[in-house]
Amino acid sequence: MKSLAILVAAASLLLSGCATTVRSDVTTFQAWPSDLADKSYVFDQPRSPDDTLELRTYQAMVGNELSKLGFTQAADGNSAKLKVGVFVSTIDRPTRVLEAYDPFWTGPYYGRGFYGRGFYRPYWGYARYSPFYDPFFYGPMELRETIRHNYERQLRVAINTMSGQKLYDVTVQNTSRKQSTPQIMPALVQSAFTGFPAQNGQVRQVELELK
């Protein structure tokens, strides 16, 4: 039992040192002209209720990626050739979870299993995984209900000419348990322009390290 505890503790240390990655589904539609020399742009400003400091922060992230591709932000719409729209949404999808645990015996090992329809059934403690486990000796497990939050995020970036001709439209979708959208957004923005302008109608998965 002590050996198992040492192995589990060592594995936990290794996992804690691993970098967190963000996996996103990226869908691109584009009609990008090969002879577009002037890449000056302005951001399409949303209506007042949606024009928040948070959105402006994400616009700045998009602008940083565009600058790497040779785009320049113009002072106003009169001198710009392109208009860039940035749209962001975050939806919380809470899930009811039943956890089974032994209040008299808990160890560092954590496992999980399926319980019923749509429920996880995690187990704590070594005894539950022991081939010598005896429910009459250890006693019955107790169940407790918790709520786990899954956050569905979507970033959409559209680039059009000032006259309204559509040139580039990319949608990035990500689902994670991280609550902070500002923490995830840099990776989503970078994913939106990975392989720019990409193939028309291309759907791909992009995985980036969260810095």
- Only listed residue being surrounded by 12 or more Cβ atoms within 10 Å (Cβ to Cβ), touching a strand residue (DSSP E or B) at 6+ places or on another chain (Cβ under 9 Å) and modelled with pLDDT under 95, chosen from THR146, THR171, THR181, THR194: THR181
- Pick from the stretch 49-68, criterion of a type in the set (Ser, Thr, Tyr) and touching a residue at least 40 places away in the same chain (Cβ under 8 Å), ranking: least open to solvent (accessible area, probe 1.4 Å): TYR58
- Note on the structure: Among PHE87, PHE71, the single one that is modelled with pLDDT of 95 or more and either among the polar types (S, T, N, Q) or open to solvent by 30 Å² or more (accessible area, probe 1.4 Å) (or both) is PHE87
- Would the stretch 18-35 turn up any residue that is open to solvent by 70 Å² or more (accessible area, probe 1.4 Å), on the phi < 0 side of the Ramachandran plot and at pLDDT below 80? yes
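The values are calculated or read from the model by the stated rules, or taken from the named source; none is laboratory data. Values in this document were obtained by computation on a predicted structure and should not be read as measured data. Reconstructed Cβ throughout: ideal geometry from the backbone, glycine too, with neighbour counts over all protein chains shown. All accessible areas refer to the heavy atoms of the entire protein, side chains included, with ligands and DNA or RNA removed. Shrake-Rupley method; radii C 1.70, N 1.55, O 1.52, S 1.80 Å.
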